[in-house]
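A.B. asks: Before I ask anything, here is the structure I am working with.
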Amino acid sequence: MNLLELTIKEAHDGLKKKDFSSTELTRAYLSEIKKNDKKIGAYLNLTEDLALSQAKKADEIISSGKDFEFLAGIPCSVKDAILVEGEKCTAGSKILENYVAPYDATVIKKLKSKGAVILGKTNLDEFAMGVSTENSAFKVTKNPNDLNRVAGGSSGGSAASVASKEACYSLGSDTGGSIRLPASFCGVVGLNPTYGAVSRSGLVAMASSLDQIGPIAKTVEDAEIIFKAISGKDPLDATSKDYNFEKSNLKIEGLKIGIPKEYFTDGIDPEVKKIIENIIKKAKERGVKIIEISLPNTEYAIACYYIIVPSEVSANLARFDGIKYGLSNKSSKDLFEVYLKSRGEGFGPEPKRRILVGTYALSSGYYDEYYKKAQEIRNLIREDFINAFKKVDLIFSPVSPIPAFKIGEKTNDPLSMYLMDIYTCPVKLAGIPAISLPVGKIGNLPVGLQIIGNHFQENNILSMASFIEKML
Amino acid sequence: MISKEEVKHIAKLARLELKEGELEKMQKELSAILDYFDLLKKANTSKLKRQPSFAKATEGQARKDEIAAKNHSLAEKIMNAFPDRKDDYIKVKAIL
C-alpha cells in the first residue's frame, strides 16, 4: 500500500484498522517532501517537530481504542498566510521573513483540536496577491504536472503539495480565485466557502471583504470533511456566521443548472471550452436540466475587483510600518524614514502596485470615480447572481479561461495576470461559494469545472461535485 | 497617463519609498491599470436597487463591550516581535 495515495477517508480507515500509525504516515510524507520538494517548491518551511509530536499524540488517542475524528493523525499543509503558533509566517513577503506567529489562527485551533498533523507552511504569492505564485518573495512553485508551468496562485504551494503527494490535504485562502485557480491548474479539488462560513481570524489580511480560508483536497469527500471541521461562528471574526453544515440529499434528476452565456465567449481556450461543454452534456444525459442564464455585469468584474482589492490592501498593509513587527530599517534617521524604507525594502512589486492603486482610488478627488463606483458595480454583480439563482439551483462554468501557463510568460504584464480571475472573482464580489473540480486534461494539464451555489449552499455544491466526480 | 509627480505624491501618502527606476515602472503600469478602469464608466448603476452597504452583511454581529480575559504569555510573544523595545514599550526613532 502506498500511504501517500490515500485520501483522508482511506487514511482514517487505515489508522482505525491499525494498518499503519499516524507517525508512519507522517514520516512517509516528510520523507517524500525531502526527496521531492526541491523540484516542486511547494513548501516555504517544514514544521517537522510539530508534525511528529502531533502524530505521536494522535497515535496515543488511536491506540486507546476510542472513536476519533476523521482528521486525527492525517498530515496536512497550511498556506503560509495562516498563523500556526510558534512557527514562522511569512505571507510570502520579505517584510515578514522572520516573523513568528504568536498565536494560532482559529482554523488551526480547530484542526489541532481534531488531532490534525501539520507538515509545514506552503508557498504563495506575496500577501496572496497573484495567480501564479511567481509573486512570492522566496521562490516559484512549479506545477507537478509540468515543471515548466506555474502551479497557479495564490495558494499555489498548497495545491501543488496535494497534487504532488506532499500532503494529504491543505488549507488555502481565496480572495479572487486563490484556492480554485491553483486547484484547477494542479488537478485537485478546491472549495471557496461563502463569505462568513469560515473564520478569518489569524489569516494575514489582504482584502477583508473578500478573503476566505478553504480546503484543497484530493477528493470532494475530503474537501467536505475539512470544510465541516473549519467552518462556523468565531467570536474573533465579527463577519463569521453561525453555520452548521448539513449534508444535502440533492436529487440530481431535474436539477436546474445555469450556464452563464457571458463565460463562454471571447478569450476562452477552445480546448477548455470543449472539456466543460462535454461535462455539461454528460450531466444533461443524467437528467440535469441545463438552462442558459445571463450575468450581464460580468465584463465589469475584473475592473471592479481590482479597485476594491487594492483599496482594502492599501488600508490593510498600512500595519506593516517597521514599528510593531516585521522588517524594520535600522539606518533611518527619523520615524518617517523608518516607514518609507521599511516598506520600500520589505514589499515586492505587486504589493507596491496594489498599495499605490488603492491609495490613488481612495484619495481625495478620485474616491467617487473609482471606489464608490466599484462598490455600486459590486452590488450589480451580486444582483446578477441573486437573479440567476431565482431560475437555477447551481451554476457551471470554467475555473480559468486557459490551463496552467509557462513560468515567466506573464510576469511583465500585470494586467494580463489580473484577467485570469475573470470566472473566479465575480463569485467573490457576490460573497457566494464555489468549488473547482478536476474534470479533464489538455495533454498533461488539468482543467477544472467551477460549480457555483447560492450563499451557504456548500452542501449542494459538494453533492453535485461528488456526482460529477463519480460520473467521470 | 498619470504623471511622475502624481506617483511620487501617492507613494508619499502610502509611506512607500520608490527607487528611481521603480518610479518609472510604476508610472507605466499604474497608467495601464487606471486606463483599464475606464471600462466602468459605461456601467449603468442608476437602476441599482440597493446602495452599497457592506455593514449590512455583518448586522447584529458586533460583540458585547466586555473586558476580555488577559493573556500574559500572548502579550509577551507579541512584544518579542517588536523590532526595538525598552521594557514593555516599543522604541521608535525621533519623530521630528
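The values are calculated or read from the model by the stated rules, or taken from the named source; none is laboratory data. Values in this document were obtained by computation on a predicted structure and should not be read as measured data. No Cβ is skipped: glycine too gets one built from the backbone with ideal geometry, and neighbour counts run over all protein chains shown. These area figures cover heavy atoms from the full protein model, side chains too; ligands, DNA and RNA do not enter into them. Shrake-Rupley method; radii C 1.70, N 1.55, O 1.52, S 1.80 Å.
A.B. asks: Summed for both chains, how many Å² of accessible area, to the nearest 100, are buried between B and A with a 1.4 Å probe?
C.D. replies: Looking at B and A, the buried total is near 5100 Å².
A.B. asks: While we're looking at this one, here's another question. Would you tally the net charge around A:I8, using a Cβ to Cβ cut-off of less than 13 Å, leaving A:I8 out, and scoring K and R as +1, D and E as -1? If you can, show how the numbers build up before the last one.
C.D. replies: Numbers: positive: A:K9, A:K16, A:K114, A:K218, A:K228; negative: A:E5, A:E10, A:D13, A:E69, A:E221, A:D222, A:E224.
In short, -2.
A.B. asks: Across peptide A:372-378, how many C-beta atoms of other chains are within 10 Å of each residue C-beta, on average?
C.D. replies: Per residue, the number of nearby Cβ atoms from other chains is 5 on average.
A.B. asks: Evaluate Rg over Rh across region A:3-230, taking Cα atoms for both radii and Kirkwood's formula for Rh.
C.D. replies: Values: Rg = 15.7 Å, Rh = 16.7 Å.
Result for region A:3-230 is an Rg/Rh of 0.94.
A.B. asks: What 222 nm value per residue comes from the helices of the protein assembly as shown, counting each DSSP H run with n ≥ 4 as -39,500 (n - 2.57) and dividing by all residues, nearest 500 deg cm²/dmol?
C.D. replies: One gets -12000 deg cm²/dmol as the mean residue ellipticity at 222 nm.
A.B. asks: Right, something else. Taking the Cβ-Cβ separation of A:N249 and B:S73 as r and a Förster radius of 30 Å, what is the calculated FRET efficiency to the nearest 0.05? Display every interim value, and only then the final one.
C.D. replies: Values: r = 47 Å, r/R0 = 1.56.
Efficiency, from the Cβ-Cβ distance: 0.05.
A.B. asks: Quick check for you: with a 1.4 Å probe and neighbouring chains kept, what is the accessible area per residue of chain A, in Å²? Each step should come with its number before you reach the end.
C.D. replies: Numbers: 16010 Å² over 472 residues.
Each residue of chain A exposes 34 Å² on average to a 1.4 Å probe.
A.B. asks: Grab the eigenvalues of the alpha-carbon gyration tensor for region A:125-283, scale each by 5, take roots, and send me the semi-axes largest first in whole angstrom.
C.D. replies: 25, 23, 16
A.B. asks: On to the next question. Indicate the residues belonging to region A:91-108 that lose 30 Å² or more of solvent-accessible heavy-atom surface (probe 1.4 Å) upon moving from the chain alone to the assembly of all protein chains, ignoring ligands and nucleic acids.
C.D. replies: Those are A:P102, which lose 30 Å² or more relative to the chain on its own.
A.B. asks: Now, a different point. Would you list, by chain and number, the aspartates and glutamates whose Cα falls below 20 Å from the Cα of A:K94, excluding same-chain residues fewer than 8 positions away?
C.D. replies: Reachable aspartates and glutamates: A:D80, A:E85, A:D125, A:E126, A:E134, A:D321, A:E337, A:E345, A:E350, B:E17, B:E22, B:D84.
A.B. asks: Taking a ≥ b ≥ c as the square roots of the eigenvalues of the Cα gyration tensor of region A:79-167, is the shape rounded (a/c under 1.5), prolate (a/b larger than b/c) or oblate?
C.D. replies: In terms of gyration-tensor shape, oblate.
A.B. asks: Turning to a different aspect of this structure: Would you check the accessible area of B:E22, probe 1.4 Å, heavy atoms only, in square angstrom rounded to 10?
C.D. replies: Approximately 50 Å² for this residue.
A.B. asks: Pairs B:K4/B:K25; A:K282/A:K406; A:K139/A:K410; A:K372/B:K8; A:K261/A:K441: which are spaced more than 20 Å apart, C-alpha to C-alpha?
C.D. replies: A:K282/A:K406; A:K372/B:K8; A:K261/A:K441
A.B. asks: Before anything else, pin down the relative contact order of region A:76-148: Cα pairs under 8 Å, at least 6 apart, normalised by residue count, whole percent.
C.D. replies: The normalised contact order for region A:76-148 reaches 32 percent.
A.B. asks: Still on this structure: Using a simple charge model, +1 on the beta-carbon of Lys and Arg, -1 on the beta-carbon of Asp and Glu, nothing else, what dipole does the protein assembly as shown show about its Cα centre, in debye to the nearest 20?
C.D. replies: Here the protein assembly as shown has a charge dipole of around 340 debye.
A.B. asks: Among the lysines, which have Cα under 22 Å from the Cα of A:K16 when same-chain residues fewer than 8 positions away are ignored?
C.D. replies: List returned: A:K56, A:K57, A:K66, A:K110, A:K112, A:K114, A:K165, A:K218, A:K228.
A.B. asks: Let me ask something else. Quote the accessible area belonging to A:F70 in square angstrom, nearest 10, computed with a 1.4 Å probe and with ligands, DNA and RNA left uncounted.
C.D. replies: Around 80 Å² of this residue is reachable by solvent.
A.B. asks: Please give the per residue volume of the convex hull enclosing the alpha carbon atoms of chain A, rounded to a whole number of Å³.
C.D. replies: It comes to 141 Å³ per residue, whole-number rounded.
A.B. asks: Using a 1.4 angstrom probe on the protein heavy atoms only, line up A:S155, A:S248 by accessible area, largest first.
C.D. replies: Numbers: A:S155 0, A:S248 25 Å².
Result, largest first: A:S248, A:S155.
A.B. asks: Suppose we keep just the DSSP beta bridges with both residues in the protein assembly as shown; what percent of those would be antiparallel, to 5?
C.D. replies: That works out to approximately 70 percent antiparallel.
A.B. asks: What's the center-to-center distance, using Cα atoms, between region A:198-250 and region A:456-472 in Å?
C.D. replies: If you average the Cα positions of each part, the centres end up 17 Å apart.
A.B. asks: Moving on. Taking 40 Å² as the minimum loss, tell me which residues in region A:320-348 lose that much accessible area going from the chain by itself to the full protein complex (1.4 Å probe).
C.D. replies: Relative to the lone chain, where solvent access is computed with a 1.4 Å probe, region A:320-348 loses at least 40 Å² at A:I323, A:K324, A:K330, A:L335, A:F336, A:L340, A:R343.
A.B. asks: Another question, if that's okay. Residue farthest toward the positive end of the dipole of region A:3-230, with Cβ of Lys/Arg at +1 and Asp/Glu at -1: which of A:N45, A:L25, A:N145?
C.D. replies: In region A:3-230, that residue is A:L25.
A.B. asks: Here is a follow-up. In whole percent, and with a 1.4 Å probe on the protein chains, what portion of the accessible area of the protein assembly as shown is carbon and sulfur?
C.D. replies: Summing carbon and sulfur atoms, their accessible area is 51 percent of the total for the protein assembly as shown.
A.B. asks: Let me ask something additional. Which shape class, rounded, prolate or oblate, goes with region A:318-472 when its Cα gyration tensor gives a ≥ b ≥ c as root eigenvalues, a/c under 1.5 marks rounded, and past that a/b bigger than b/c marks prolate?
C.D. replies: Since a/c reaches 1.5 and a/b is larger than b/c, the shape of region A:318-472 is classed as prolate.
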